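The values are calculated or read from the model by the stated rules, or taken from the named source; none is laboratory data. Because the structure is a prediction, the values reported are computed rather than measured. Glycine gets a Cβ as well: all are built from the backbone with ideal geometry, and neighbour counts include every protein chain shown.
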Amino acid sequence: MMKRSILAVVATTAAVVSFSCKQEKQPEPVLVSSEVQVTLGTPSSKGFGNSTAEEFEKTVQNIVMYVYKAGDETCAYMHEFTDFELTKRKAVFQIPGMTSNTTYDFFAIANCKVSHIGNAPTRATLLAAAEGREVPGQGTSPYFGTLSDYNGGFEDVTTKSLRAYEGQNGFIMSGKASVTSPAAGQNIPTKVKVDLRRTVAKVMIEVKVTEEFKNKYDAASKLQFKNAALTNLIKNTPLVPRASEPSLGSGDKRDRVLEQNPYAVTEYEHYKNQFFIYENGLDVAPAAILQPELVLDALFDFDGDLSTSGDQSNIKYTIKLAGDATDPTNTGDSKFGLFKRNGSYLINVSVNGLTENEVVAEIQVMDWETLKTQDISIGEKN
């Protein structure tokens, strides 16, 4: 799985001091300190078309951890990692007043300027923070940037992180873990592991013109892909993972928000695109209006001479993206169109003709998280 891990070790100490002149008593030990040791994992690296992250997709510039006692709104502690701690992949800090046998929630956020949240935000403030959502009272400025900050040309998004919002580079990552402190008198460490997941999903697209297509039309004809777009996308996402499905209104959706010129591996035959999008649900698919679609614009030239336009036709292919669907051919699948944060999705498009009257999709599970592969065949086969 392509995610960073935070391993926190909470070491506790107890003090036992109490007696009277008549009878010595053994009171409940009092937990007086808590030491947290944090370790960052280092995943391996691969490229386009698989689930392992590139090095630039794993870069961590800063990490902030917020701690809350379960059920409390007040932030019990905040720790921002120093450069030394990031370099060593370890951090040690204490949580004042930590009580025994008590559940605490640990939230970790990476590559994010937290001044919009504050050093001790209430739990509600932290959970309400969202990428792409405007800061109350600050005009149209988004909290932590927008989806567009992650996206650009194919050769850029596949070789570097484009997000550089307010001096914070790299992919925003976040995670949460809940642990219970040791029982009174137990001077033992408590291990806390927080898995950091990127707030975006990666969508990779590979388009190939098949032999069926070439045999169907004049040998000199050419099909040139001019533009790729993802539509019906969510325009904001919570900074930290949510526990329930989002309540999404029309203001959360943006049409044709992401576009990219196809990268020609082989002109007229093989093209690639890559996008980063926000998740649109958790364990069930969102409403149909929020299910992403891929729109491919192409130019068909019958005689293969692109300098003459009399024999040219503009072709548009619209493809419903299956996402996490178990059966990508079934739009009624309970998870059809579902995209999750930190997920990776590969859409293989085989172009057999100029029409959309035959679309066959096949998905296989392999992950940034689990890689989901959707194979699509467009146009009638001979």
Check your understanding: Looking at segment 70-91, is at least one residue small (G, A, S), at pLDDT below 90 and not assigned by TED's automatic domain parsing to the domain that holds E206?
Key -> yes
Check your understanding: Which numbered condition trips up S141, out of (1) at pLDDT 85 or above; (2) out of contact with any helix residue (DSSP H, G or I) (no Cβ under 7 Å at 6 or more places or on another chain)?
Key -> (1)
Exercise for review: Residues being modelled with pLDDT of 85 or more and more than 11 Å from V64 (Cα to Cα): count how many of those fall in segment 100-117.
Suggested key: 5
Exercise for review: Return a yes/no flag: does segment 299-315 have any residue that is aliphatic (A, V, I, L, M), surrounded by fewer than 16 Cβ atoms within 10 Å (Cβ to Cβ) and not in a strand (DSSP E or B).
Suggested key: yes
Practice item. Could you check, for segment 215-223, whether at least one of its residues is of a type outside the set (V, I, T), closer than 23 Å to V60 by Cβ and touching an Asp or Glu at 6+ places or on another chain (Cβ under 9 Å)? Key: no
Review point. Which of the residues that make up segment 275-295 are at pLDDT 85 or above and touching a Lys or Arg at 6+ places or on another chain (Cβ under 7 Å)?
Key: F276, E279, E293, V295
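Every residue, every condition in (1) out of contact with any strand residue (DSSP E or B) (no Cβ under 7 Å at 6 or more places or on another chain); (2) at pLDDT 90 or above; (3) surrounded by fewer than 18 Cβ atoms within 10 Å (Cβ to Cβ), yes or no:
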site: D156; (1), (2), (3): yes, yes, yes
site: A184; (1), (2), (3): no, no, yes
site: P189; (1), (2), (3): no, no, yes
site: K193; (1), (2), (3): no, no, yes
site: K202; (1), (2), (3): no, yes, no
site: D218; (1), (2), (3): yes, no, yes
Point to revise | Number of positions in segment 333-382 that are outside any strand (DSSP E or B), modelled with pLDDT of 80 or more and within 28 Å of N236 (Cβ to Cβ) | key: 9
**Study point:** Scope segment 73-99; condition of a type in the set (D, E, K, R) and in contact with a helix residue (DSSP H, G or I) (Cβ under 7 Å, 6 or more places away or on another chain); matching residues
**Key:** E73
Practice item. Please work out which residue is surrounded by the fewest Cβ atoms within 10 Å (Cβ to Cβ), limiting yourself to segment 158-182 and to residues that are touching a Lys or Arg at 6+ places or on another chain (Cβ under 6 Å) and assigned to a loop (DSSP other than H, G, I, E, B). Key: E166
